[in-house]
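The values are calculated or read from the model by the stated rules, or taken from the named source; none is laboratory data. Note that the coordinates shown come from a computational prediction; the quantities given were computed from them, not determined experimentally. Cβ atoms come from the backbone with ideal geometry, glycine included; neighbour counts cover every protein chain shown. For accessibility, only protein heavy atoms count, side chains too; no ligands or nucleic acids. Shrake-Rupley method; radii C 1.70, N 1.55, O 1.52, S 1.80 Å.
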Amino acid sequence: MPATFQLKTNDENQYSFNFLNSKGELILMSGDYGNKEDAMQAIKEVRTGSLMTNQIAASKVPEGDTFFVIKDAAGTIIVKSVLFNSNMVFDNALHIVKDNACVAEIVDLTV
């Protein structure tokens with residue numbers, strides 16, 4: 001199974017998406033969008049931003065775990081990664097996103 005974006009809705013009919021690696025493990029999570037078109041546009045921006053080093057930022061939570069975000073061209077955060085407690089796993093996840101997000105299939109779970 002290749003890496004995928006999963007588009008979904010919540011109980012309030014808001015749209016969001018996740019990026020999963022080829023094993024089906026969660027790597028990235030978006031916020032909520034009011035309509036499907038905005039969520040699909042955000043996926044396009046993640047695809048572009050994943051290739052642009054200046055649109056990816058890493059950080060740590062106070063407990064020490066690391067995460068990264070992908071921003072749009074205006075600097076707004078589009079997605080956040082899960083937390084990583086190992087630098088090796090963090091680096092691997094970042095490489096998976098950089099190598100696969102631009103071509104990942106979108107699985108529409110909203111239909």
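For the reader, a short list of remarks on this structure follows.
- The long axis of helix 87-100 is offset from the longest Cα principal axis of the chain by roughly 40 degrees.
- Gain in span if fully extended, residue 102 to residue 12, counting 0.36 nm per residue against the direct Cα distance: 29.5 nm
- Gained length - residue 63 relative to residue 86, 0.36 nm times residue gap less alpha-carbon distance: 7.0 nm
- Carbon plus sulfur fraction of accessible area for the chain, probe 1.4 Å, in percent: 50 percent
- The alpha-carbon of residue 71 sits under 24 angstrom from the alpha-carbons of these lysines, leaving out residues fewer than 8 places away in its chain: 8, 36, 44, 60, 80, 98.
- Calculated translational diffusion coefficient of the stretch 1-66 (20 °C, 1.002 mPa s; Stokes-Einstein with Kirkwood radius over alpha-carbon pairs) equals 162 µm²/s.
- Listed values for the stretch 55-63 are Karplus-derived 3J(HN,Hα) couplings in whole Hz (6.51 cos²θ - 1.76 cosθ + 1.60, θ = phi - 60°), namely 9, 10, 9, 9, 7, 10, 8, x, 6, and x replaces Gly and Pro.
- Hull-based mean projected area of the chain, where the convex hull spans the alpha carbons, in square nanometres: 7.2 nm²
- Peptide ranges 58-66, 77-85, 19-27, 7-15 listed from the most packed, as the mean C-beta count within 10 angstrom indicates: 77-85, 19-27, 7-15, 58-66
- Relative contact order of the chain, defined on C-alpha pairs under 8 angstrom at six or more residues apart (%): 30 percent
- Among 44, 98, the order of accessible area from largest down is 44, 98, computed with a 1.4 Å probe on protein heavy atoms.
- What the phi angles of the stretch 31-40 give under the Karplus curve with 6.51, -1.76 and 1.60, with θ = phi - 60°, is a coupling list of x, 8, 10, x, 8, 5, 4, 5, 5, 5 Hz, glycine and proline written as x.
- Net +/- balance of residues flanking residue 39 in space, Cβ distance below 11 Å, scoring K and R +1, D and E -1: -2
- A compact globular protein would have a Cα radius of gyration near 2.2 N^0.38 Å; the ratio found for the stretch 56-97 is 1.15.
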